[in-house]
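Participant: Let me give you the structure first, and then I'll get to my questions.
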């Protein structure tokens, strides 16, 4: 049977994932530079069946949403972006090749810790009911959004069927048994459909939050541009004021130069007049 997985993903230039089984054992840690979504998905398919896809930020990146959708897996997102300290604390004692793998592993471990009680409860009840071979399947359903009782009940024969099995196989009994089996199958089908719908709704809600976040960033960018424009307008206004002040200074300088020139001319004229007076005086002598 293929292992059921809880997977943490770290997208980016170097993409990474870390896959845990339902006993918190590391199944595989993988990373590759310039790996696309399809390459990561293929590597995951080779590893097992992801039931939960997790990341270390509260707004799921588009890359993570698409991987979760490819496996129809449930999303796990932390209430707030995980800090470096938290990730280092969670991954202490584990081996990984780079920070991308550490981030992916921390995401998987945080997701596992959030559902560990459900896993253990399903395992305990299933074993008590003699359903050891169905534990992983019941756990997967419980993690997908099906109530624990219903997830286990899907693999447990109904009381009526048990009574029918120990009764004589008379036609009425056989008919009742067949009817109950059909009803059980119908219930199983409905519960699994509900689980699939819950996961789809969860992913759509995460996608909505991611889109809202993008819009917020765009709005912030527009506001930044408005603020930048305002700042630019202020600087332009200051430059215009500086130019006006410079023009006034130039005008004042020109006026002063004009006054200086006029005074110089007057002075030169006085010197000329003085020479004329001296000349006339000499002539009269």
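No lab work stands behind these numbers, since they all come straight from the coordinates. None of the values given here were measured: they were computed from a predicted structure. Methodologically, a virtual Cβ is constructed for each residue, glycine included, from the backbone with ideal geometry; neighbour enumeration extends over all protein chains shown.
Participant: Consider the stretch 22-54. How many of its residues are assigned to a loop (DSSP other than H, G, I, E, B), in contact (Cβ under 8 Å) with a residue 24 or more places away in the chain and in contact with a strand residue (DSSP E or B) (Cβ under 7 Å, 6 or more places away or on another chain)?
Facilitator: Step one: list which residues in the stretch 22-54 are assigned to a loop (DSSP other than H, G, I, E, B), which gives 22-25, 34-36, 48.
From what is left, the residues that are in contact (Cβ under 8 Å) with a residue 24 or more places away in the chain are 22, 24, 48.
Next cut, in contact with a strand residue (DSSP E or B) (Cβ under 7 Å, 6 or more places away or on another chain) only: 22, 48.
Residues that pass the stated criteria total 2.
Participant: Scan the stretch 12-21 for residues that are part of a strand (DSSP E or B) and closer than 20 Å to residue 120 by Cβ and jot them down. Outline the logic, then answer.
Facilitator: Our first condition is that a residue be part of a strand (DSSP E or B); within the stretch 12-21, this holds for 14-20.
Hits for the stretch 12-21 are 19, 20.
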